[in-house]
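Engineer: Dumping the structure here so I can ask a few things about it.
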Amino acid sequence: MRNTNSPLPLSLLALLLALNACQPFSRSAQNPRLPTALQAQSNFRKNAITASFVKAYLPTVAENEPLARADAQGPAQELLNLINSAQATLDGAIYDIREPMMVQALIRAKQRGVNVRLVTESDNMGEDTNPCPQPNGQMRKVLQDLLNAGVPIVSDQRSGLMHHKFMVADRQRVWMGSTNLTNSSLFRHNNTALTLVSAPLAANYTYEFEQLFNQKNFGPPRAVLNPIVDIQGAAVKTYFSPRGGGQEAVVAALQNARKSIHFLTFSLTDPQLGEILSGKQQAGLDVRGVFDRCLSKSQYSLYWPLKRTGMQVFIDGNEALLHNKVMIIDGETVITGSYNFSKNAEKSNNESFLIVEQAPELGAAFESEYNRLQYAAQHNNPPDGQCPGTAPPSPPPCQPPDPVDPVDIQIPDFD
């Protein structure tokens with residue numbers, strides 16, 4: 001009888017180790033902290049509406065970035081598809097532009113005859129070592145490359161942030177969400193993007209873009225041409241900041257919740273929203289949320305006030321940022337966009353978000369994303385890296401700061 005407990009010959013053991021070393025290492029397949037069910041792709045596509053999420057569910061950037069880059073359905077690929085298929089126009093308002101892959105796609109679009117126009121945040125015009133454009137015209141190389149290719153770029157030149165993250169193709173298709181055109185935002189942070197095919201919705205975003213690009217109008221109030229757009233049976237409501245009625249709309253949506261509220265938040269500091277969430281939990285609703293690790297440490301974050309009420313709130317499990325701004329109500333209403341749940345987002349910044357109602361399939365996709373991020377928050381142990389924005393900015397912003405409400409101090413809407 002063969003002795004199964006006998007040790008392997010050293011020569012065979014060495015061969016097995018050598019063969020194993022040659023195999024590609026897939027942490028997503030081998031990491032025991034994420035069950036197979038949570039590793040499945042949760043992106044949603046239904047003709048005119050596509051939801052995509054950055055695949056960043058493991059503890060470290062080193063683990064997440066290769067998976068996100070390989071994802072053929074993530075926000076980066078969806079945006080590339082939009083840019084590469086544009087035939088006549090591309091209008092983009094993006095807070096931060098630095099990913100060369102996206103810049104080259106925009107340049108190629110310009111070269112094939114597409115009218116490409118961009119709006120960005122003035123504080124992000126320069127390189128990281130000096131974000132402010134210099135008197136001699138020095139600016140971030142990728143932006144200079146765009147200008148050299150004939151792509152015009154307008155910046156806001158004010159203290160409030162031009163915090164939009166949207167692009168409109170051929171006045172028919174809109175890509176929007178929480179994702180900037182940076183390596184970190186596209187491949188490291190937890191982010192969301194929607195791609196929607198709708199001429200009336202595109203008209204809303206084109207009008208907002210024209211106000212920024214042509215009229216240089218970045219201030220309040222903001223207008224929407226088509227407040228409610230029907231897209232395949234879903235009621236899609238558009239909101240722009242500053243002071244475009246967004247905060248009131250979020251309040252109303254939360255107050256109408258009957259069963260559940262699940263949220264993913266980079267910054268949640270609005271006390272009125274906290275009161276509603278707490279009240280709904282006390283009324284017996286399933287209220288849960290995941291906060292970004294960095295901004296949960298802010299003295300104005302609602303993480304600890306909500307946790308003290310007994311609410312199930314969690315700190316995210318990603319070494320990089322949880323950058324989402326998402327609320328899912330009763331499993332069929334989704335709030336998502338660039339709009340952090342803060343006074344800055346409502347009063348000062350240029351922001352965009354959608355409230356998509358009567359959309360149970362879209363809601364299910366966002367619930368899937370919520371579940372995987374809550375699981376990661378409960379099981380991952382990411383390294384405690386440096387949180388962006390926790391040190392005084394150096395160099396200072398290009399524009400002198402306007403007075404802000406005390407509650408907004410030290411709550412930067414960076415990235």
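Only the coordinates and a few stated rules stand behind these numbers; no lab work does. Just so we're clear, the structure is a prediction, and the values are computed from it rather than from any experiment. Here the Cβ is made from the backbone with ideal geometry for all residues, glycine too, and neighbour counts use every protein chain on show.
Engineer: Find, among the trypsin sites (Lys or Arg not before Pro) in the range 194-247, those assigned to loop by DSSP (not H, G, I, E, B) with at most 10 other beta-carbon atoms within 10 angstrom.
Structural biologist: none
Engineer: If packing is taken as the average count of other Cβ atoms within 10 Å, what order do 200-212, 140-152 fall into, highest mean first?
Structural biologist: 200-212, 140-152
Engineer: Same structure, new question: For the range 236-244, in order, what is each residue's ³J(HN,Hα) by Karplus, 6.51 cos²θ - 1.76 cosθ + 1.60 with θ = phi - 60°, in whole Hz (x at glycine and Pro)?
Structural biologist: So the Karplus estimates, Gly and Pro as x, are 10, 10, 9, 9, 10, 10, x, 6, x Hz.
Engineer: Quick check: residue separation of residue 108 and residue 283 times 0.36 nm, minus the Cα distance between them. What number comes out in nm?
Structural biologist: 57.6 nm
Engineer: Net charge around residue 88, counting only other residues with Cβ within less than 10 Å of its Cβ (Lys, Arg = +1; Asp, Glu = -1)?
Structural biologist: Computed value for this residue: 0.
Engineer: Whole Å is fine, so just give me how far the alpha carbon centre of the range 94-120 lies from that of the range 282-320.
Structural biologist: Using only Cα atoms, the two centres lie 37 Å from each other.
Engineer: Would you work out which of 185, 92, 300 lies farthest towards the positive end of the dipole of the range 41-379, given +1 charges on the beta-carbon of Lys and Arg and -1 on that of Asp and Glu, about the Cα centre?
Structural biologist: 92
Engineer: Enumerate the calculated ³J(HN,Hα) couplings along the range 260-272 in order (Karplus 6.51 cos²θ - 1.76 cosθ + 1.60, θ = phi - 60°), each rounded to whole Hz, writing x wherever the residue is Gly or Pro.
Structural biologist: Result, rounded to whole Hz: 8, 9, 10, 9, 10, 9, 6, 9, 10, 10, 6, x, 5.
Engineer: Right, next: Can you give the charge dipole size of the range 41-379 about its Cα centre, rounded to the nearest 20 debye, using +1 on the beta carbon of Lys and Arg and -1 on the beta carbon of Asp and Glu?
Structural biologist: 140
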